[in-house]
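Working notes, beginning with the structure itself.
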């Protein structure tokens, strides 16, 4: 009997020291179920307002649904000029932002790694400072020839895009061994421009695409600065035309949102296909 009791005591000690762990399959099932719930909640958070806006834009005052608000969009006065102005501003903002930020982030990673935290603080300031304060200060300090140009908005949009672009490029460079790549390129006789253009930029493809999409989305959705600078960009046109026909203006806003999403999806798909092709070439 004593031996049997000792056996039970030993088993109880083993259970206390090594508690029962649920099987890995159950844990994975719970994790997948939790991820699925979060994804569904996030999808509902974004898709329900879009559905409500589309429902409003396609429904007339009698409750009937029609595609006439969408088909009437191209003939609306001022829409084409506002759209092309926003696209010009987006292109100029994207070019200036990349020319400024890409060499700066690379230089900080190579020569001043301790300065990265200071850069994170500096680049977060455009999010902290209200856009209305920023544009009023710029309009007060800018010369008259720059105030009369719409590209003043591009210079201000560069500041607004800086937090997103910097973090995208910083994450891309953090995934690379930048010092080794630069030293190898320099040892083979390449200059700094050749090293940056032929070695670092191709390895930053995903980060550059992400920064580009974020910059374009920011410019196409910014209203406050363009309105105070008295330029009718696409968001300003949408708000102004809402007083004339709310159904058409809402349809334009939804189409611009869907177009931005499709552009993001296309860029991500192209990046993934390029990555797969490069892995296939390396494996072969």
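The values are calculated or read from the model by the stated rules, or taken from the named source; none is laboratory data. Source: prediction; values computed, not measured. Neighbour counts are summed over all protein chains in view; Cβ atoms, including those assigned to glycine, are modelled from backbone coordinates with ideal geometry.
In summary, residue 109 fulfils each of the numbered conditions (1) touching a helix residue (DSSP H, G or I) at 6+ places or on another chain (Cβ under 9 Å); (2) more than 15 Å from residue 256 (Cβ to Cβ); (3) part of a loop (DSSP other than H, G, I, E, B) with the single exception of condition (3).
Looking for whichever is more than 18 Å from residue 255 (Cα to Cα) and either at pLDDT 80 or above or loosely packed, with under 10 Cβ neighbours inside 10 Å (or both) here; the options are 49, 19, 74. Which one fits?
Testing whether each residue is more than 18 Å from residue 255 (Cα to Cα) and either at pLDDT 80 or above or loosely packed, with under 10 Cβ neighbours inside 10 Å (or both) leaves just 19.
Taking the numbered list (1) modelled with pLDDT under 90; (2) within 30 Å of residue 83 (Cβ to Cβ) in turn, residue 154 passes all entries but (1).
Quick one: would you say residue 133 is modelled with pLDDT of 90 or more, closer than 23 Å to residue 233 by Cα and part of a helix (DSSP H, G or I)?
No: the conditions fail for residue 133.
Total residues in the range 183-212 satisfying the condition of being part of a loop (DSSP other than H, G, I, E, B) and exposed (fewer than 13 other Cβ atoms within 10 Å of the Cβ): the figure is 3.
Hey, can you tell me all the residues within the range 118-142 that are loosely packed, with under 13 Cβ neighbours inside 10 Å, within 19 Å of residue 223 (Cβ to Cβ) and within 19 Å of the chain's Cα centre (by Cα)? Of everything in the range 118-142, just one residue is loosely packed, with under 13 Cβ neighbours inside 10 Å, within 19 Å of residue 223 (Cβ to Cβ) and within 19 Å of the chain's Cα centre (by Cα), namely 127. Here the range 143-159 is the region considered, the condition is being free of Cβ contacts under 8 Å to residues at least 60 places away in the same chain and touching a helix residue (DSSP H, G or I) at 6+ places or on another chain (Cβ under 6 Å), and the residue that is surrounded by the most Cβ atoms within 10 Å (Cβ to Cβ) is 159.
All conditions in (1) at pLDDT below 85; (2) in contact with a helix residue (DSSP H, G or I) (Cβ under 9 Å, 6 or more places away or on another chain); (3) over 24 Å from residue 156 (Cα atoms) hold for residue 210, with the sole exception of (3). The lone criterion from (1) in contact (Cβ under 8 Å) with a residue 40 or more places away in the chain; (2) within 18 Å of residue 158 (Cβ to Cβ) left unmet by residue 126 is number (1). On the stretch given as the range 36-63, residues that are part of a helix (DSSP H, G or I) and in contact (Cβ under 8 Å) with a residue 60 or more places away in the chain total 6.
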